[in-house]
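The values are calculated or read from the model by the stated rules, or taken from the named source; none is laboratory data. The structure displayed is predicted, hence computed values, not measured ones. Here the Cβ is made from the backbone with ideal geometry for all residues, glycine too, and neighbour counts use every protein chain on show. For the accessible areas, the whole protein counts, side chains as well, though only heavy atoms, and no ligand, DNA or RNA atoms are used. Shrake-Rupley method; radii C 1.70, N 1.55, O 1.52, S 1.80 Å.
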Amino acid sequence: MLTLVSSKPDISSEMIDKHIADYAPALAVSALGTMNGDVTYTSLKITCTEHLHEWWKLSVSSGTPENGYESVYWHLLHLLESLEEHQLLGNSFIQFKVSGCAQFLLGVGSMPIKMQGIRP
């Protein structure tokens, strides 16, 4: 049965933080692996879809993320969802953006500048 987001009680920020903490590193590793040739583009797209499905199960309203980490996660997820394989694998600027976001999510890079994400 379809449940409207507005009919569910507010979800705690701890649950949202846990979701992001659980899914962000996996997305980052998948993105870097795809650019490195270790993960297929199809697997990356499946990972993106699974992340969105799990997020929608939480029934969180769209809007502004709680913090920079979550913002970069959403930016990376939306970016990967919008790219075709040749764009991700053949464009150095796109690879720079994806790498910067992924490295930050893995804790090995600084927060990218001007990469604001939004909750779907």
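Pairs please, first residue from the range 53-72 and buried (at least 16 other Cβ atoms within 10 Å of the Cβ), second anywhere and among the hydroxyl-bearing types (Ser, Thr, Tyr) and in a helix (DSSP H, G or I), Cβ atoms under 9 Å, 6+ apart in sequence or on different chains.
From the range 53-72, the pairs are Trp55/Tyr23; Pro65/Ser71; Pro65/Tyr73.
Residues in the range 15-31: is at least one on the phi > 0 side of the Ramachandran plot and more than 12 Å from the chain's Cα centre (by Cα)?
No, because not a single residue in the range 15-31 is on the phi > 0 side of the Ramachandran plot and more than 12 Å from the chain's Cα centre (by Cα).
I need the full set of residues from the range 42-51 which are more than 17 Å from Pro120 (Cα to Cα) and touching a Leu at 6+ places or on another chain (Cβ under 7 Å), in order please.
Leu44
Could you tell me whether Thr47 is among the β-branched types (Val, Ile, Thr) and either within 21 Å of Val108 (Cα to Cα) or open to solvent by 50 Å² or more (accessible area, probe 1.4 Å) (or both)?
No, not satisfied.
If a residue must be open to solvent by 30 Å² or more (accessible area, probe 1.4 Å), in contact with a helix residue (DSSP H, G or I) (Cβ under 8 Å, 6 or more places away or on another chain) and in contact (Cβ under 8 Å) with a residue 40 or more places away in the chain, how many such residues does the range 75-90 contain?
From the range 75-90, those open to solvent by 30 Å² or more (accessible area, probe 1.4 Å) are 75, 78, 81-82, 84-87, 89-90; that's our starting set.
From what's left, in contact with a helix residue (DSSP H, G or I) (Cβ under 8 Å, 6 or more places away or on another chain): 75, 81, 85, 87, 89.
From the residues that got through so far, the ones that are in contact (Cβ under 8 Å) with a residue 40 or more places away in the chain too are 75, 85, 89.
Looking only at that region, the number is 3.
Any residue at all in the range 91-99 that's open to solvent by less than 20 Å² (accessible area, probe 1.4 Å) and either under 23 Å from Ser110 (Cβ atoms) or in contact (Cβ under 8 Å) with a residue 40 or more places away in the chain (or both)?
The answer is yes, given that some residue of the range 91-99 is open to solvent by less than 20 Å² (accessible area, probe 1.4 Å) and either under 23 Å from Ser110 (Cβ atoms) or in contact (Cβ under 8 Å) with a residue 40 or more places away in the chain (or both).
Taking helices (runs of 4 or more DSSP H) that do not extend beyond the range 18-120, which have at least 1 residues that are acidic (Asp, Glu)?
Working: elements: 41-58, 68-82, 85-90, 92-105.
Filter on the range 18-120 gives 41-58, 68-82, 85-90.
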